[in-house]
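Visitor: This is the structure, below, for whatever I ask next.
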Amino acid sequence: MNLWFGFLVGLKEIWSHKFRSFLTMLGIILGVASLLSMFSLTAGMANGMRQYMQQVGGIERVGVIPQEPPTDQEGFAEISPGRTIADAEAIARSATLVSAVTPISELAAATVSFGSQYFRTPAYGVWPDYVPINSHEISRGRSLTWLDVESAQNVCVIGQRVTQRLWPDRPRFNPVGESILINGRPFKVVGEFTFYETEWDRRQRELSTKSAAPARTKRPTKGSSSSGRGYSAFERKNSTVILPITAMFYNFKMANVVKNEDQGPQLKLDALTIQVADIARFDQALEQVRTILEATHRGIEDFTFDTRQEWFDSIEQGIRNTRLSGGIIAGISLLVGGIGITNIMLASITERIREIGVRRAVGAKGRDIFIQILVESAVIGLIGGFLGLIASFGIMRILVLISPTENAPVLQWENVILSFSFAVIIGLLSGIYPALKASKLDPIEALRYG
Amino acid sequence: MPIIELTDVFKRYRVGEQEIVALNGINLSIDQGEYAAIIGPSGSGKSTLMHLLGCLDTPTSGRVLIQGNDVSTADANRLSEMRNSHIGFVFQSFNLLPKLSVLQNVELPMIYAGVSSRERRERALASIERVGLADRAGNTPLQLSGGQMQRVAIARALVNSPRIIFADEPTGNLDSKTGAAILALFRELSQQGSTIVLVTHDDKIAAQTPRRIEIKDGRIVQDFFNPDADLPGTARPLTPQPTPTS
């Protein structure tokens with residue numbers, strides 16, 4: 001008896017007990033559906049996380065942050081000037097393993113206004129390298145230039161959320177060339193960043209504008225984006241205002257009034273960010289920067305590095321853990337489905353003892369019976385797995401509908417194949433015991449039965 | 001030339017502490033083309049004897065030769081092969097598979113013989129025609145009468161051109177008229193050269209076969225040519241039986 005024939009016999013047997021077979025398959029269907037949905041969800045999460053990581057500048061972006069100097073340096077720690085423009089200049093000059101560096105002096109809550117519209121958002125005084133380090137892209141106008149920095153021009157580049165807030169009635173308004181006020185000082189907008197959003201949001205927006213286009217005129221992108229709800233990395237990025245660090249110093253940092261007393265110019269940096277040229281030489285690059293900064297800080301170790309290695313690692317680890325635990329839970333439900341198959345196959349054998357006897361009498365070997373039963377349960381697994389795949393597409397659609405997160409499920413072919421083959425393997429495994437039992441039946445006893 | 005040869009065959013079962021002797025020393029030889037009836041009351045061992053002859057079972061001791069093949073010590077797979085190629089069964093309760101069509105039921109033995117599907121179909125149809133059911137090939141067994149079902153079973157038994165056909169109470173579930181028709185079919189097959197061994201407890205049926213082998217308490221007590229049967233047969237003396245063990 002060949003396998004193909006066994007397959008047909010199995011199909012026939014399943015078809016002749018449609019309802020029972022369906023109930024049996026249900027375990028497998030749900031198992032496969034939950035397994036695949038789970039894989040797709042975690043893949044979506046991982047995707048969202050990676051997009052996020054990329055948006056915040058990737059692992060190459062390293063911040064230089066202050067720390068308490070070691071105790072043996074406490075007494076003379078003041079000799080360090082702290083983080084200054086000189087640090088950035090020294091790094092730019094000497095750190096060969098660093099591809100970009102920017103000093104940052106910020107206004108944590110600047111009031112940006114145009115006419116009667118105003119918007120509170122952080123403003124950063126930076127070098128032009130700020131743009132590539134933070135994965136910013138210019139969509140209109142130009143970026144900051146060294147000329148802007150050297151001549152301390154009152155110019156700025158703003159994110160699209162800022163444009164939307166300042167010109168709320170004019171969708172897709174081009175702010176380049178307009179003059180806005182930052183904390184009361186006039187700045188000319190020379191450029192605008194692109195609108196940052198997740199893949200998912202972008203697709204949603206394109207879909208809604210496409211379908212809405214014939215009905216109404218263009219709607220502002222603001223209302224149609226779900227990321228307007230949360231304060232995400234994307235939102236923060238879209239609200240960015242950058243200006244030359246020199247302009248920042250001259251306009252806002254020359255005086256620092258605390259308790260009615262001027263503390264003098266505030267020219268220390270709020271942040272110092274570098275971009276490592278080659279991830280493969282990450283540690284060497286940091287060592288190089290450390291050496292340079294030890295010189296500019298006069299040997300005081302009042303700085304350290306804020307790398308995202310650990311953070312990213314923990315995110316990846318989290319994704320892996322979710323995937324694993326979800327996989328185990330879904331696997332358990334598949335296993336339960338498999339036990340269901342075993343149970344039904346045992347019942348079905350008892351029902352067919354006489355049939356097995358007849359087959360043995362006309363010359364079937366134990367092996368033939370074994371294959372027949374095994375193929376039958378494998379076919380249940382096969383069909384169940386296939387229906388499960390279809391069901392999981394449905395489940396994912398429902399999940400997307402009830403929770404339009406940025407982490408839309410992502411269907412990956414290897415996961416489809418993995419879930420499906422898992423179902424077939426479960427089908428095969430759960431058939432082994434019943435098949436063995438059936439093949440061991442004594443033909444005489446079997447013929448006499450019932 | 002004997003197609004079946006049994007020498008000093010014993011079959012004992014152990015049920016709990018008790019040992020049951022089902023066949024208590026059997027010597028038997030059946031020639032090619034013979035039409036024989038094994039008759040005996042229930043519990044006489046005739047079913048056990050048929051299981052041995054039909055390669056469904058092996059004896060505790062003694063030798064069983066089917067077509068010159070010693071099957072007394074054969075393993076299960078060898079017995080399956082023997083049944084498949086040498087033996088056709090006809091049962092009292094027909095034992096057709098209800099979900100398969102008549103054609104598929106008749107094809108069944110050939111599936112396990114590895115016959116190609118086209119040849120299977122041809123041979124099955126020929127066999128169905130031989131028992132006079134050509135127009136019923138597509139029906140399922142449940143749509144047939146008892147006599148028709150038994151014909152299908154006979155067609156199935158014939159399809160692998162076996163050397164021997166064993167019929168276990170083939171008319172037991174049929175009324176006397178249909179039963180007579182089935183027996184007529186056996187007679188016809190016998191005239192065409194098939195070796196047929198019929199197992200029954202019914203004297204009237206045994207009276208229609210040329211040879212009558214009577215078994216009682218696991219022993220052959222009578223084995224003779226039946227002069228009343230209008231079929232050719234060989235008169236023979238009772239084969240010397242071995243000494244019983246108990």
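The values are calculated or read from the model by the stated rules, or taken from the named source; none is laboratory data. Nothing here was measured: the structure is a model prediction, and the numbers come from that model. Quick reminder, even Gly has a Cβ in these numbers, built from the backbone with ideal geometry, and neighbours come from all protein chains shown. Note: accessible area is taken over every heavy atom of the protein model, side chains too, but ligands, DNA and RNA are not part of it. Shrake-Rupley method; radii C 1.70, N 1.55, O 1.52, S 1.80 Å.
Visitor: Build a GNM of chain A with springs between Cα atoms under 10 Å: which of A:A100, A:A361, A:A109 gets the top mean-square fluctuation?
Guide: Its mean-square fluctuation being the largest, the pick is A:A361.
Visitor: From Cα coordinates alone, what are the radius of gyration and Dmax values for region A:71-126 in angstrom?
Guide: According to the Cα coordinates of region A:71-126, Rg and Dmax are 17.5, 55 Å.
Visitor: Taking each full run of DSSP H in chain A as one helix, which ones are at least 20 Å long along their axis (Cα atoms) and have mean Kyte-Doolittle hydropathy of at least -0.5?
Guide: Those that clear 20 Å and a mean of -0.5 are A:18-55, A:282-296, A:309-351, A:366-402, A:413-439.
Visitor: If Lys and Arg each add +1 and Asp and Glu each add -1, what is the summed charge of the other residues whose beta carbon sits under 11 Å from the beta carbon of A:A43?
Guide: With Lys, Arg at +1 and Asp, Glu at -1, the neighbours total +1.
Visitor: Give, rounded to the nearest 20 debye, the magnitude of the charge dipole that region B:177-228 has about its Cα centre when Lys and Arg contribute +1 at Cβ and Asp and Glu contribute -1 at Cβ.
Guide: Here region B:177-228 has a charge dipole of around 60 debye.
Visitor: Please get the size of the charge dipole for region A:315-450, origin at its Cα centre, with Cβ charges of +1 on Lys and Arg and -1 on Asp and Glu, quoted in debye to the nearest 20.
Guide: In total the dipole reaches around 440 debye.
Visitor: Kindly give Rg over Rh for region A:361-429, based on alpha-carbon atoms, with the Kirkwood expression for the hydrodynamic radius.
Guide: That ratio equals 1.26.
Visitor: Something else: What's the extension gain from A:Q54 to A:S179 if we count 0.36 nm per residue and subtract their Cα-Cα distance?
Guide: Contour length minus Cα-Cα distance gives 41.8 nm.
Visitor: Of A:M254, B:M1, which has the most accessible area with a 1.4 Å probe, and how do the rest follow in descending order?
Guide: If we order A:M254, B:M1 from most to least accessible, we get B:M1, A:M254.
Visitor: In square nanometres, what is the average projected area of the Cα convex hull of the protein assembly as shown?
Guide: 50.4
Visitor: Calculate for chain B the 222 nm mean residue ellipticity that helices alone would give, adding -39,500 (n - 2.57) per DSSP H run of length 4 or more and normalising by residue count, nearest 500 deg cm²/dmol.
Guide: Estimated from H runs of four or more residues: -9500 deg cm²/dmol.
Visitor: Taking R0 as 22 Å, what's the FRET efficiency between B:Q241 and B:M1 from their Cβ-Cβ distance, rounded to 0.05?
Guide: Calculated value: 0.50.
Visitor: Through the Karplus equation 6.51 cos²θ - 1.76 cosθ + 1.60, θ set to phi - 60°, convert the phi angles of region B:168-182 into ³J(HN,Hα) values in whole Hz; use x for Gly and Pro.
Guide: Once θ is set to phi - 60°, the couplings for region B:168-182 become 9, 6, x, 10, x, 9, 10, 6, 5, 6, 5, x, 4, 5, 5 Hz.
Visitor: Past 29 Å, Cα to Cα, is the threshold; run A:K365/B:K46; A:K365/B:K99; A:K12/B:K177; A:K365/B:K177; A:K365/B:K216 against it and keep the listed order.
Guide: A:K12/B:K177; A:K365/B:K177; A:K365/B:K216
Visitor: Next question. Calculate the radius of gyration of the Cα atoms of chain B to one decimal place, then report Dmax, the largest Cα-Cα distance, as a whole number, both in Å.
Guide: In Å, with Rg to one decimal and Dmax whole: 17.9, 55.
Visitor: Same structure, new question: Which sequence of A:S113, B:S145, B:S176 reflects their accessible areas, 1.4 Å probe, from the largest down?
Guide: B:S176, B:S145, A:S113
Visitor: Next question, about the same structure. Over the Cα atoms of region B:1-64, compute the convex hull volume and normalise it per residue, giving Å³.
Guide: Residue-normalised Cα hull volume stands at 82 Å³.
Visitor: Under the rule of at least 5 residues apart or a separate chain, name every residue whose amide H is placed under 5 Å from the amide H of A:V98.
Guide: The list, which skips near neighbours in sequence, is A:A277.
Visitor: Follow-up. Given H placed on each backbone N at 1.01 Å, which residues far from A:A364 in sequence or on other chains put an amide H within less than 5 Å of it?
Guide: For A:A364, no residues qualify.
Visitor: Ok, one more. Cα centroids of region B:23-73 and region A:1-45: how far apart, whole angstrom?
Guide: With region B:23-73 and region A:1-45 each reduced to a Cα centre, they are spaced 47 Å.
Visitor: Have a look at B:A184, B:A137, B:A153 and tell me which one the Gaussian network model of chain B (Cα, springs below 10 Å) gives the largest fluctuation.
Guide: Answer for the Gaussian network model of chain B: B:A184.
Visitor: Quick one: angle between helix B:76-86 and the longest Cα principal axis of chain B, in degrees between 0 and 90, rounded to 10, please.
Guide: In chain B, helix B:76-86 runs at an angle near 60 degrees to the longest axis.
Visitor: Taking just the C-alpha trace of region B:32-148, give me its Rg and Dmax in Å.
Guide: 16.4, 47
Visitor: On to the next question. Can you tell me what percent of all Cα-Cα pairs in region A:66-159 are more than 19 Å apart?
Guide: Of the Cα pairs, 57 percent sit more than 19 Å apart.
Visitor: Tell me which aspartates and glutamates have Cα within less than 12 Å of A:K268's Cα, excluding those fewer than 8 residues away on the same chain?
Guide: A:D87, A:E106
Visitor: If you rank B:D223, B:D57 by how much accessible surface each has, with a 1.4 Å probe, what is the order from largest down?
Guide: B:D57, B:D223
Visitor: Which value at 222 nm does chain A reach when only helices count, each DSSP H run of 4 or more adding -39,500 (n - 2.57), with the total divided by all residues and rounded to the nearest 500 deg cm²/dmol?
Guide: When only DSSP H runs of four or more count, the value is -17500 deg cm²/dmol.
Visitor: Which residues' amide hydrogens lie under 5 Å from the amide hydrogen of B:G33, considering only partners 5 or more residues apart or on another chain, with H built in the peptide plane?
Guide: Here the answer is B:T195, since their amide H atoms fall under 5 Å of that of B:G33.
Visitor: Still on this model: Positive end of the dipole of region A:244-333, charges at C-beta (+1 Lys, Arg; -1 Asp, Glu), about the Cα centre: which of A:S333, A:M248, A:F303 has its Cα farthest in that direction?
Guide: Towards the positive end, the residue furthest out is A:S333.
Visitor: So which residue, out of B:V15, B:V221, B:V152, gets the largest mean-square fluctuation from a GNM of chain B using Cα contacts under 10 Å as springs?
Guide: Of the options given, B:V15 has the highest mean-square fluctuation.
Visitor: When Lys and Arg each count +1 and Asp and Glu each count -1, what net charge do the other residues less than 12 Å away from B:N160, Cβ to Cβ, add up to?
Guide: Net local charge, B:N160 excluded: +2.
Visitor: About the Cα centre of chain A, what is the dipole size in debye to 20, counting +1 per Lys and Arg Cβ and -1 per Asp and Glu Cβ, all else neutral?
Guide: 2720
Visitor: Moving on. Compute the acute angle (0 to 90°) between the alpha-carbon long axis of helix B:117-130 and the principal axis of greatest extent of the alpha-carbon atoms of chain B; round to the nearest 10°.
Guide: On a 0 to 90 degree scale, this one is about 80.
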